[in-house]
Amino acid sequence: MPEPLLTVRGLNAWYGESHILHGVDFDVSPGEVVTLLGRNGAGKTTTLKAIMGIVRRRTGSVRFEAAELATLPSNAIARLGIAFCPEERGIFASLDVEENLLLPPVVKPGGLGVDAIFALFPNLRERRHSQGTKLSGGEQQMLAIGRILRTGARLLLLDEPTEGLAPVIVQQIGRTIERLKRDGFTILLVEQNFRFAATVADRHYIVEHGRVVDLIPNAALATSMDKLHEYLGV
Amino acid sequence: MPTQALFGQLLIGLINGAFYAMLSLGLSVIFGLLNIINFSHGAQYMMGAFVAYFCLQWAGLGYWWALLVAPLVVGTIGIVLERTMLKRLYHLDHLYGLLLTFGLALVIQGIFRNEFGSSGLPYGAPALLTGGYNLGFMFLPTYRAWVVLFSLAVCLATWYVIERTKLGSYLRAATENPTLVQAFGINVPRMITLTYGFGVGLAALAGVLAAPIYQVNPLMGADLIIVVFAVVVIGGLGSIMGSIVTGFGLGVVEGFTKVFYPEASNTVIFVIMALVLLVRPAGLFGRAS
């Protein structure tokens, strides 16, 4: 097992007065695709936002390479090479597609060029002068993923990239994640849809009531179905 | 109707419109990013005129220097204000920012009135811009033509930077979703500070332009700012070009009202504001949120 790229230990986080995360522990190794599975409100999105520094009130330890993130503001965390794709996609209405794509600054060398991103998502090239929010839901999701590939970040935090999308788009996003994994990106994925997660991930952490309660390697997923159904209530 | 009077009022309208446009532009940009209704904008405009006056009286620096120095000085004061006070209010209701900046405006204007009285201090136009042109149908004072053209250029340059450059795309994006823009690695708090400094600097620049026309008076911004807020409401927040067009347009409308129905010239902008609010509550160019 190589040295983890991301190590989360005893992570607590608060939204205002409500205490959401109660000591989250997990690791992500370089080049892995890892998912956080769990019910609505379990704390999956908050975990991503606490790693990224978007949730400011947090304690515990988040190590990325040699850096401790738990005290840094989000702009400093992004500069270390971590990129976040929010659940609501965060496409800017006052920017066209190209401006949206070029918005996140390049923080490290080795990111994808604009042409490579357009090759990955050809729809975006055709619509590059459209207003960002005029795109379909699937195209917006592609734009939201595409724009963080430019930055040179090696750790991608993807929050429910398949939510509300047609099966054909979900497949395209699955292929993109596989391709990014082959290219050496490390991906931490939050998912409700474990059938999709099973097609792309190496390991699954189960999040419940603000804690990681179980780890299921993807190979063991078939034999863990009963347990999984119980965790996810599906 | 004498054409002389018509064109005379058109010019006055354009001059007023130039000030409306420059001030409402700053207010719009500040409100967009900071969520603060900057009621001290009028006082900052007045401070710009006073810095021009001080430059001349204390340092012998003339008008051209003042165009550079006043926005820098007043903008820096704005930056200090943002860092020490305004930044504590962003998570609160708009009302708090309005009350703080309104209170500050009263304090600033009070101090200046105490020191300099309220009768106004003379400030001459630079030699290069005195005199005028006889256009046949009217006399065009050079300084007034300069104010209209210069402020139009400043407004268009601001529009270009915000709507057409990379820096502007950060600003537009941060106006929509500052949290996400910061999570992309951009120092949004610093951008907010500089934006406030820029908006305030724009007000100070307008103050320098106004000094030779209206004299330098501690209350010069107090009356103007009420009209400028009406202009912002009519134009709608969030559109840069909307602020510019509405500013100049309403100046002209006000000027023509003086020709055709002088009794209404002081109220016409507020009547238009009421009508616009009835028909398009988000303003002529505003995006309904």
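Descriptive notes on the structure:
- In the range A:24-34, the residues that are assigned to a strand (DSSP E or B) and open to solvent by 20 Å² or more (accessible area, probe 1.4 Å): A:Asp25, A:Asp27
- Being within 14 Å of chain B (Cβ to nearest Cβ) and either touching a strand residue (DSSP E or B) at 6+ places or on another chain (Cβ under 6 Å) or open to solvent by 20 Å² or more (accessible area, probe 1.4 Å) (or both) is a condition met by no residue of the range A:1-13.
- Cβ-Cβ under 9 Å pairs, at least 6 apart or on other chains, the range B:120-135 side in contact (Cβ under 8 Å) with a residue 40 or more places away in the chain, far side surrounded by fewer than 14 Cβ atoms within 10 Å (Cβ to Cβ) and among the aromatic types (Phe, Trp, Tyr): B:Pro126/B:Trp64
- Considering residues of the range B:137-191 that are within 14 Å of another protein chain (Cβ to nearest Cβ) and of a type in the set (Phe, Trp, Tyr) only, the residue surrounded by the fewest Cβ atoms within 10 Å (Cβ to Cβ): B:Trp159
- Boolean, B:Phe19 is closer than 15 Å to B:Leu202 by Cα, touching a helix residue (DSSP H, G or I) at 6+ places or on another chain (Cβ under 9 Å), part of a loop (DSSP other than H, G, I, E, B) and not basic (Lys, Arg): no
- Looking across the range A:79-105 at every residue that is assigned to a helix (DSSP H, G or I) and facing chain B (nearest Cβ under 7 Å), the one that is least open to solvent (accessible area, probe 1.4 Å) is identified as A:Glu99.
- Residue list for the range B:24-56, filter: over 11 Å from the mean Cα position of the chain (by Cα), aromatic (Phe, Trp, Tyr) and open to solvent by less than 10 Å² (accessible area, probe 1.4 Å): B:Phe50
- Qualifying residue in the range A:37-60 (condition: farther than 17 Å from B:Ala183 by Cβ and touching a Ser or Thr at 6+ places or on another chain (Cβ under 8 Å)): no
- Selection of the range A:46-69 for residues being surrounded by fewer than 21 Cβ atoms within 10 Å (Cβ to Cβ) and small (Gly, Ala, Ser) yields A:Gly60, A:Ser61, A:Ala66, A:Ala67.
- Residue match in the range A:106-121 (condition: farther than 30 Å from A:Ala220 by Cβ, charged (D, E, K, R), away from every other protein chain (no Cβ under 14 Å) and surrounded by fewer than 20 Cβ atoms within 10 Å (Cβ to Cβ)): yes
The values are calculated or read from the model by the stated rules, or taken from the named source; none is laboratory data. Values in this document were obtained by computation on a predicted structure and should not be read as measured data. Every residue, glycine among them, receives a Cβ derived from its backbone with ideal geometry; neighbour counts consider all protein chains shown. Protein only, heavy atoms only, side chains kept; ligands, DNA and RNA dropped before computing areas. Shrake-Rupley method; radii C 1.70, N 1.55, O 1.52, S 1.80 Å.
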